[in-house]
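What follows is a short report on a single structure.
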2 protein chains.
Amino acid sequence: MNENEIFRALADPTRRAIFEKLAGGAMNASALREGMAISQPAMSQHLGVLRSARLVREERQGRFVNYEVDPEGLMAMARWMAKYRNYWPARIDALMDLLKDMDQ
Amino acid sequence: MNENEIFRALADPTRRAIFEKLAGGAMNASALREGMAISQPAMSQHLGVLRSARLVREERQGRFVNYEVDPEGLMAMARWMAKYRNYWPARIDALMDLLKDMDQ
DNA sequence: CAAACACATAAGCATACACTTATCTGATTC
DNA sequence: GAATCAGATAAGTGTATGCTTATGTGTTTG
């Protein structure tokens, strides 16, 4: 699927920090920049990468663009992990089985 | 933690292919190369990256080195995902709670 | 409608990364 | 112990990537 984009997106620590911040609540790009020592274009580019990986989604609100976590990316990651559930400790194995069920 | 190494390691499609192959059963580096159009040094370098991310572990056997999936890397990934369990669909949420319990 | 604002895109640059071709290390076998 | 084999390491190279400084696009406000 788009595993490649997902793992590539998360391979960058700045993008993981952005994602983590968004996980704390939806925010626009300017608000995300606060306390992050990152230029406006860089933020925009990072958000673009996260968005095309479906880890994040946007919603225009006037002249602001609100960003929030998109569960789709996390789901795709879980589906990838589910393939290797035989390598999980026994207690986790049951969890992954359920995950697999969702794999419609 | 070593999330950085993990996501970086998995960002490369060749390394994911190697990991997937190892998930099918332990193998030495030469066996891994079969049908993979990859040079011996490239394979060795990829295995080095996967190993330092703890996605894979090795065991010397004579002049061969046997590689296998190391559950530690997958666990670390799951722990990362668990942080965002509030963004998972309800049914998955319960799974992630249990996962979090393992987080000793 | 002009200025200001939020954000995206363009273009250029320095570094990281995946590959290559040697070469080295360590183990086995004749 | 010399040749061979499995694998690691070294060094070099092209491309991807994350950044920068402009500049562009769309929206709001005076």
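Below is a table of values for the structure above.
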{"item": "Selection status of residue A:56, aliphatic (A, V, I, L, M) and more than 13 Å from DNA strand D (Cβ to nearest atom)", "result": "yes"}
{"item": "Residue within the range B:71-86 that is farther than 14 Å from residue A:81 by Cα and either within 16 Å of DNA strand C (Cβ to nearest atom) or among the acidic types (Asp, Glu) (or both) present", "result": "no"}
{"item": "Residues of the range A:59-78 that turn out to be under 12 Å from the mean Cα position of the chain (by Cα), more than 13 Å from residue A:15 (Cβ to Cβ) and either within 11 Å of DNA strand D (Cβ to nearest atom) or assigned to a helix (DSSP H, G or I) (or both), as a count", "result": "7"}
{"item": "Enumeration of residues in the range A:72-84 that are within 9 Å of chain B (Cβ to nearest Cβ) and open to solvent by 10 Å² or more (accessible area, probe 1.4 Å)", "result": "A:75, A:83"}
{"item": "Checklist (1) modelled with pLDDT under 95; (2) exposed (fewer than 15 other Cβ atoms within 10 Å of the Cβ); (3) within 19 Å of residue A:7 (Cα to Cα) applied to residue B:48, failing item", "result": "(1)"}
{"item": "Matching entry among A:65, A:69 (being surrounded by 18 or more Cβ atoms within 10 Å (Cβ to Cβ) and modelled with pLDDT of 90 or more)", "result": "A:69"}
{"item": "First in the range A:2-31 and assigned to a loop (DSSP other than H, G, I, E, B), second anywhere and acidic (Asp, Glu) and open to solvent by 40 Å² or more (accessible area, probe 1.4 Å), Cβ under 7 Å, 6 or more apart", "result": "A:26/A:68"}
{"item": "Residues being among the charged types (D, E, K, R), within 14 Å of chain A (Cβ to nearest Cβ) and near DNA strand C (Cβ under 8 Å from one of its atoms) - total across the range B:12-65", "result": "2"}
{"item": "Residues being near DNA strand D (Cβ under 10 Å from one of its atoms) and surrounded by 13 or more Cβ atoms within 10 Å (Cβ to Cβ) - total across the range B:32-43", "result": "4"}
{"item": "Within the range A:1-11, tally of residues that are more than 8 Å from every other protein chain (Cβ to nearest Cβ) and either among the small types (Gly, Ala, Ser) or more than 11 Å from the chain's Cα centre (by Cα) (or both)", "result": "3"}
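The values are calculated or read from the model by the stated rules, or taken from the named source; none is laboratory data. Because the structure is a prediction, the values reported are computed rather than measured. So basically every Cβ, Gly included, is an ideal-geometry build from the backbone, and we count neighbours across all protein chains shown. The accessibility values were calculated without ligands, DNA or RNA, using every heavy atom of the protein model including side chains. Shrake-Rupley method; radii C 1.70, N 1.55, O 1.52, S 1.80 Å.
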